[in-house]
Amino acid sequence: MSPLQNAFSGSLAAVFAATVLCPTELVKCKLQAAREMNMKCTPFSVCRDIMRKAGIGGFFVGMTPTLAREVPGYFFFFGAYETCRYLLASEGQKKDEIGLVKTAISGSVGGMALWTSIYPADVVKSRMQISGGGNFMAILITVLNENAERV
């Protein structure tokens, strides 16, 4: 597959990954918020509380920003990773034969591309999950306004 085909395949995989990531990251965010407020809780107690208050759907609070983060993030990760592998391969060498160091460099570049592209959506996702919901665009605008002076 070409680097672009790999990038699109990564985006498709992200849709499925988000269905697992959203509930687990929701529990993680709630545990972190509880720790900040010196509250004692466990992953089990957080899950029980979510189930009691909102049912199974409660585990998917933040799914929109999770998808907004993962789909482009995986696109940029796999696109950058595969492009680097292609560029680092010597003439006549397959990208699967570039070795450990060049593969690690490619992974690093892919990771930088992923996090550069997804960080704002990740902040929105975490805020939505800690607060229990909200409007993605409204929270994104708030985050951008809060950080405008830093840029």
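The values are calculated or read from the model by the stated rules, or taken from the named source; none is laboratory data. Quick caveat, the model's predicted, so the values are computed rather than measured. For neighbour counting, all protein chains shown are included, and Cβ atoms are generated from backbone atoms with ideal geometry for every residue, glycine included.
Quick look at the numbers
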quantity	calculated
Tabulated pairs, the stretch 93-122, first of a type in the set (Asp, Glu), second part of a helix (DSSP H, G or I), C-beta under 7 angstrom, 6+ apart or interchain	Asp122/Arg69
Top-ranked residue of the stretch 87-109 - restricted to ones that are at pLDDT 95 or above and of a type in the set (Ser, Thr, Tyr), ranked as nearest to the chain's Cα centre (by Cα)	Ser108
Test: Ser45 is free of Cβ contacts under 8 Å to residues at least 12 places away in the same chain and among the small types (Gly, Ala, Ser)	yes
Flag if Phe136 is touching a Ser or Thr at 6+ places or on another chain (Cβ under 9 Å) and modelled with pLDDT of 95 or more	no
